[in-house]
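Structure first, then comments.
Where a number appears in this text, it was derived from the coordinates with a stated rule and is not lab data. The structure displayed is predicted, hence computed values, not measured ones. No Cβ is skipped: glycine too gets one built from the backbone with ideal geometry, and neighbour counts run over all protein chains shown.
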Amino acid sequence: MPANLPPQYYEAEKRYRLAKTNQERLAILRQMWAVMPKHKGTDRLQGDLKAKISRLKSEMQKKTKVGKSTYSHYVVREGAAQVLLLGAPNVGKSQILASLTGASPEVAPYPFTTRDTAVGMMKFEDISIQLVDTPPITQEYMEPWLPEIIRDTDCLLLAIDLGRDDFIGDMQILIRKLEESKIKAGATEPQDKPMDEMKHKKAIVAANKKDLPGAESHLRTLKDLYSERFPICSFSAKDEIELDPLRQKIYTTLSIIRIYTKSPGKPTDRMDPVILKKGSRVIDAARAIHKDFANNLRYTKMWGSSRFEGQKVQKNHPLEDRDVLEFHM
C-alpha cells in the first residue's frame, strides 16, 4: 500500500534536515507524526518516527541529568533564516523589530522593556527572515539562557544607540559579554574549524537613532573603530524606508541563495524558493526538496546563471541566487 504522504510532511522533513538543535528536531518530528496518515502503508514510517522521537527525548534527558546546558526560551525557527537582536537597554531594539517586521513588541522610552524573546518575520523580496528581539545586555547582567540561543542562530544584529554618549562603551560590553560566553562576532564565519574554543557568529552593527544630535559624529567614530570587523548600517528605526539597506545587508550577510523549481512544460514556481547556503550545487537543491530527488535524479535543466537558458547541467553544477531548476527522474 502506498504511503500517500501529504505535502506538509515533506515540508517538515526538509526543515528537519536543516534543524540545528535537538529541541527543534523534536518539535518537527512531532509535527511530521501529526500530519502523517496512519494506515498499513505507513507502518514502517510510523515505527521510524517513534524511534527517532524516543532517541531524541532520551538524549535530551541525559544532557539535563549531567548538567549540560538546556534552556526554556527556545524559539522555533521559521522562514529562510533566523537573526537575533542584541543590545544594551533602551537602544531601540523593540522599535527595530517592529519597523522591520510589523510585530508589536512593547516599545517604551525606559530600560528593560523586553524581558523575554519577541519574534517577528521580516519580508525581503520573496522570502521571510525571522527576527528575534532579546532582553538587554549590561555589564552586570546577561540572561543565562541567552548564549545558547545566540550559538544556534544564523546572524546577530548588534544594536547601538548613536544618540548615547557612551555608545562605544555599549559596543565594548556587547563584545566582551559574548566573548565571556565563548562567542566571537564578526563579518564572516571561518571556512575551516577554528583552533580556538569560540563559536564564531556573523554579525552586523545596527546603528540606530541617527537623527539625534551628535549621531553623525558618533557614527564616524564607530566606523573608525569597527568597520573592519563588522558591516555597519545607520538608520532611524522610526523611519521604515531607511531600513531598506539594513534588510539588504541582512540578506547579504546570511550568505544564502534562493533556488526556484519548475515542472516540465509549466511555469516556474516562485512562491516558495528553496533556501541554500552560497556555494551549494544542484544535488544540494534536490536533496533539500526530498531525498528521492537526489537518489533518482537523471538530469537537471537550469535557467538563470547557466550559459544557455534551459541547458542540462550536472549534479555538481554550482548554483547562484535565483537560479531555476527543472528536475528529471
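The angle between the Cα long axis of helix 167-180 and the longest principal axis of the Cα atoms of the chain comes to about 50 degrees, rounded to the nearest 10. Overall, the chain carries a charge dipole of about 1860 debye about its Cα centre when +1 sits on the Cβ of Lys and Arg and -1 on the Cβ of Asp and Glu, all other atoms neutral.
The C-alpha atoms of the chain define a longest principal axis, and helix 43-65 lies at about 30 degrees to it. Comparing Glu13, Glu309, Glu78 in a Gaussian network model of the chain (Cα springs below 10 Å), the most mobile by mean-square fluctuation is Glu309. Spin-label model, Ser58/His39: points 7 Å from Cα along the beta carbon direction are separated by 3.2 nm.
Here Lys52 is the anchor, and the lysines within straight C-alpha reach of less than 18 Å, apart from those fewer than 8 places off in the same chain, are Lys14, Lys20, Lys38, Lys62, Lys63, Lys291.
Note that region 242-251 has calculated 3J(HN,Hα) couplings of 5, 8, 4, x, 5, 4, 5, 5, 4, 4 Hz, one per residue in order, obtained from phi through the Karplus relation 6.51 cos²θ - 1.76 cosθ + 1.60 (θ = phi - 60°); glycine and proline are x. Calculated [222 nm] ellipticity per residue, helices only, for the chain: -11000 deg cm²/dmol; basis is -39500 (n - 2.57) per DSSP H run with n ≥ 4, divided by all residues, nearest 500.
Stretching the chain fully between Thr21 and Asp165 yields a gain of 47.9 nm (0.36 nm per residue, less the alpha carbon separation).
Just the projected area, averaged over all directions, of the convex hull on the alpha carbon atoms of region 82-254: how many nm²?
Working: hull surface 38.4 nm².
Projected area, direction-averaged: 9.6 nm².
Rounded to the nearest 5, the antiparallel percentage of DSSP beta bridges internal to the chain is 45%. Using the basic label-point model (7 angstrom from Cα toward the beta carbon), what is the Asn296 to Lys238 distance in nanometres? A separation of 5.9 nm, rounded to one decimal place. Over all orientations, the chain has a Cα convex hull whose mean projected area works out to 19.9 square nanometres. Of the trypsin sites (Lys or Arg not before Pro) in region 242-311, the ones in a loop by DSSP (not H, G, I, E or B) with at most 11 other beta carbons within 10 Å are Arg298, Arg307.
Over all other residues within a Cβ to Cβ distance under 11 Å of Trp33, the charged ones net out to +3, with Lys and Arg as +1 and Asp and Glu as -1. The stretch between Ser305 and Lys123 holds 63.1 nm of extra length on full extension. This uses 0.36 nm per residue minus the Cα-Cα distance.
Can you pull out the trypsin sites (Lys or Arg not before Pro) in region 19-48 that DSSP calls coil and that have at most 12 other Cβ atoms within 10 Å? Could you put the intermediate results ahead of the total?
Details: sites: Lys20, Arg25, Arg30, Lys38, Lys40, Arg44; in loops: Lys20, Lys38.
Passing sites in region 19-48 are Lys38.
The aspartates and glutamates whose alpha-carbon is closer than 15 Å to the alpha-carbon of Lys262, local same-chain residues fewer than 8 away aside, are Asp272, Glu309, Asp323, Glu326. On the basis of the beta-carbon distance and an R0 of 25 Å, Glu78 and Ala51 show a calculated FRET efficiency of 0.40. Which of the listed residues, Leu219, Leu131, Ala51, is farthest toward the dipole's positive end in the chain, when Lys, Arg count +1 and Asp, Glu count -1 at the beta-carbon? Toward the positive end, the furthest listed residue is Ala51.
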